[in-house]
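**Student:** I'd like to ask some things about the structure below.
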Amino acid sequence: MKNENFNLNTRQVTVTETPSFKMSIKVNDMLRPSDTKAVYWVREEFDKDGNQINESVYEFFLNPEEMNTVSKFFTNIN
């Protein structure tokens, strides 16, 4: 069944990855409101055998202005 709110045009980037930890960001386009993005910060932990033992997902809905603010923040950190 198709989700009525998301256009699953997923983009993803891995921010950091080690054998025991991975952090990534996923972005999906929203259908309503059409200018909004669903942004997921995903934090994963793995045991010594590489099995996932924990996952935390932080979900935000951001419009273009908010995405721009976040982008400017990260690009201006020294």
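**Student:** Any idea which residue in the range 1-31 is modelled with the lowest pLDDT, counting only those that are aliphatic (A, V, I, L, M) and more than 21 Å from residue 74 (Cα to Cα)?
**Tutor:** 1
**Student:** On the basis of being in contact (Cβ under 8 Å) with a residue 24 or more places away in the chain, out of contact with any Ser or Thr (no Cβ under 8 Å at 6 or more places or on another chain) and of a type in the set (S, T, N, Q), does residue 75 make the cut?
**Tutor:** No.
**Student:** Another question, then. Among the residues of the range 32-49, count how many are at pLDDT below 95 and loosely packed, with under 14 Cβ neighbours inside 10 Å.
**Tutor:** 4
Listed here are the residues, each with its yes/no results for (1) in a strand (DSSP E or B); (2) touching a residue at least 60 places away in the same chain (Cβ under 8 Å); (3) not charged (D, E, K, R).
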residue	(1), (2), (3)
10	yes, no, yes
13	yes, no, yes
28	yes, no, yes
34	no, no, yes
39	yes, no, yes
48	no, no, no
53	yes, no, yes
60	yes, no, yes
67	no, no, yes
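The values are calculated or read from the model by the stated rules, or taken from the named source; none is laboratory data. Nothing here was measured: the structure is a model prediction, and the numbers come from that model. Cβ coordinates were reconstructed from backbone atoms using ideal geometry, including for glycine residues, and neighbour counts include every protein chain displayed.
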